[in-house]
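The values are calculated or read from the model by the stated rules, or taken from the named source; none is laboratory data. Because the structure is predicted, anything quoted here is derived from the model rather than measured. Note that we place each Cβ from the backbone using ideal geometry, even for glycine, and neighbour counts take in every protein chain shown. Side chains are part of the model used for accessible areas, which takes the heavy atoms of the whole protein and leaves out ligands, DNA and RNA. Shrake-Rupley method; radii C 1.70, N 1.55, O 1.52, S 1.80 Å.
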Amino acid sequence: MSITNARVKWFFLLGLAITVAGCSREPPLAQTPPLEVIVSQPLPPGAKQNLIPDWDIYPGPVEARDSVEIAARVRGHIKEVRFKDGEEIAAGTELFLIDSDPFQAELKQAKGQLSTWEAKLKLAEEKIAFYKPLADKGTVSKEELLQVIADKGEAIGSIDAAKGKILDAELNIGYCTVTSPIAGRVGEALIKMGNLVNSSGADSLLTTVEGVDPMYVYFYVNERAYQNYRKILLEKAAKDPASAKDTKPIIPVEMAVASETSFNYKGFVDFVDNRVDPGTSSIKVRAKFDNPKGPDGRRPLTAGLFARVRVSVAEPYSAILVADRAILTDQSLKYVLVVNKAKNNMVDRVDVIVANRLQEDGRRVVEAGLKGDEWVIVEGVNRARPGVVVNPGDPKPMPRRPVGAK
């Protein structure tokens, strides 16, 4: 092989190797764009700190001021039921009519006995007046005189007994008309017309009546909170001497029932028990709420509803608020992720101390850790990680839900 051909062959193989090496090289990977997140400032420039009311929430049932079990006081058959189940009634409304014929007969018999014994009393008095002078002369024996005196005493006693029977019969006749001692909403008629009712036992209960306005909620305040309320009230009294003269200061409260999130019912504390229960270290408190009829003619509160009472005594305080969804948990620590614009939008972790209470608008008070001008990640927080560069986009107002939303 000539030198020229050898060189050509060598260059051909070299080119082929370079071509094969170039074909086997992988293309460069496309660069992943930064994660897009949404950020908000707790306190945008020029904004004032939020004033947060200081309140506590206590659970308790709604109860009627008055509650009465309507029971029969006589035995007899129900002649009439004079109400509709569940209707609202006034005090003194007739509810049931029990057959009074047996008691009318007893009354008539007792009156007859009274007339009989009154006649016997009159006869005994006339005999005494006739026998006494004769007994003094010895014409009538003393035994006969004593007998008519005894007859008079028997007549007097029997007259009293007959009067007692008359009163008893009249009372029973009155008990045959069963009325409600209070105004309120009547329950179901437990014994229907024609059935026999007894004056005692389980089958004496006829129905129940629950008061409708006002309504009460009883709840228990722990000893520490109770002492704090007392301290706050004393401080208010020191600032306002006129209020110190009031021996029973008004403590306004708000209430939500069932699954409601807004506290629409306004009332006040009208009773605090006279001792702290040493077993639970708590004291019983009662709040009073008006329960007027609404436009539909119905009252919004009903006995037995589960309620949450919000007690606000202290003055509102300034606070930094962050959307609850932006607050993350690392074991016992709470933290937020913020975008550090000085580090080319790198994510930093900031540990914070937050309040246990969630505000109605879905934000939570940050007690320590933030100054208010940080760019807190509120959307995409579950994908962001400390040390990662993100794209914060345009900042948005701190998210909140409408008050009253579920």
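Please name all residue pairs, on different chains or six or more residues apart, with Cβ atoms under 9 Å, provided the first residue is in region 96-113 and is within 9 Å of Cys176 (Cβ to Cβ) and in a strand (DSSP E or B) and the second residue is at pLDDT 90 or above and of a type in the set (Phe, Trp, Tyr).
none
Could you figure out which of (1) part of a strand (DSSP E or B); (2) modelled with pLDDT under 85 isn't true of Lys288?
That leaves (2) as the condition not met.
I'm trying to understand the selection: among the residues of region 267-285, which are in a loop (DSSP other than H, G, I, E, B) and of a type in the set (A, V, I, L, M, F, W, C)?
Restricting attention to region 267-285, the residues satisfying the condition of being in a loop (DSSP other than H, G, I, E, B) are 273-276, 278-281.
Selection gives Val276 alone.
Restricting attention to region 67-89, which residues are within 25 Å of the chain's Cα centre (by Cα) and exposed (fewer than 15 other Cβ atoms within 10 Å of the Cβ)?
Ser67, Glu69, Asp85, Gly86, Glu87, listed by residue number.
Return the residues of region 346-382 that are open to solvent by less than 40 Å² (accessible area, probe 1.4 Å), outside any strand (DSSP E or B) and within 15 Å of Leu35 (Cβ to Cβ); say none if nothing qualifies.
Of everything in region 346-382, those that are open to solvent by less than 40 Å² (accessible area, probe 1.4 Å), outside any strand (DSSP E or B) and within 15 Å of Leu35 (Cβ to Cβ) turn out to be Gly380, Val381.
Consider only pairs whose beta carbons are under 8 Å apart and that are at least six residues apart or on different chains; among these, list those whose first residue lies in region 53-80 and is in contact (Cβ under 8 Å) with a residue 12 or more places away in the chain and whose second residue is of a type in the set (Lys, Arg) and not in a strand (DSSP E or B).
Once the first residue is in contact (Cβ under 8 Å) with a residue 12 or more places away in the chain and sits in region 53-80, its partners that are of a type in the set (Lys, Arg) and not in a strand (DSSP E or B) give Ile78/Lys192.
Taking Val390 and the conditions (1) out of contact with any strand residue (DSSP E or B) (no Cβ under 6 Å at 6 or more places or on another chain); (2) open to solvent by less than 40 Å² (accessible area, probe 1.4 Å); (3) more than 30 Å from Phe268 (Cβ to Cβ), which numbered condition does it fall short on, given that it satisfies the others?
(1)
Could you tell me which of the residues Ala202, Ala161 is open to solvent by 50 Å² or more (accessible area, probe 1.4 Å) and farther than 16 Å from Glu106 by Cβ?
Values: Ala161 fails: farther than 16 Å from Glu106 by Cβ.
The unique qualifying residue is Ala202.
Exactly one of (1) modelled with pLDDT of 85 or more; (2) touching a strand residue (DSSP E or B) at 6+ places or on another chain (Cβ under 7 Å) is unmet by Thr329. Its number?
(2)
Looking at region 44-60, is at least one residue hydroxyl-bearing (Ser, Thr, Tyr) and either modelled with pLDDT of 85 or more or not in a helix (DSSP H, G or I) (or both)?
From region 44-60, those hydroxyl-bearing (Ser, Thr, Tyr) are 58; that's our starting set.
Keeping just the survivors that are either modelled with pLDDT of 85 or more or not in a helix (DSSP H, G or I) (or both) gives 58.
Looking for residues that are hydroxyl-bearing (Ser, Thr, Tyr) and either modelled with pLDDT of 85 or more or not in a helix (DSSP H, G or I) (or both), one finds at least one in region 44-60, hence yes.
Is at least one residue of region 291-304 among the hydroxyl-bearing types (Ser, Thr, Tyr), at negative phi and surrounded by 15 or more Cβ atoms within 10 Å (Cβ to Cβ)? Break it down stepwise before answering.
Of region 291-304, the ones among the hydroxyl-bearing types (Ser, Thr, Tyr) are 302.
So of that shortlist, the ones also at negative phi come out as 302.
Those left that are additionally surrounded by 15 or more Cβ atoms within 10 Å (Cβ to Cβ): 302.
Scanning region 291-304 turns up at least one residue that is among the hydroxyl-bearing types (Ser, Thr, Tyr), at negative phi and surrounded by 15 or more Cβ atoms within 10 Å (Cβ to Cβ).
Could you tell me how many of the residues in region 332-345 are open to solvent by 30 Å² or more (accessible area, probe 1.4 Å) and either modelled with pLDDT under 85 or over 27 Å from Pro53 (Cβ atoms) (or both)? Walk me through it before giving the result.
Taking region 332-345 and keeping what is open to solvent by 30 Å² or more (accessible area, probe 1.4 Å), we get 332-335, 340-345.
Next cut, either modelled with pLDDT under 85 or over 27 Å from Pro53 (Cβ atoms) (or both) only: 332-333, 340-345.
Adding up the residues that qualify gives 8.
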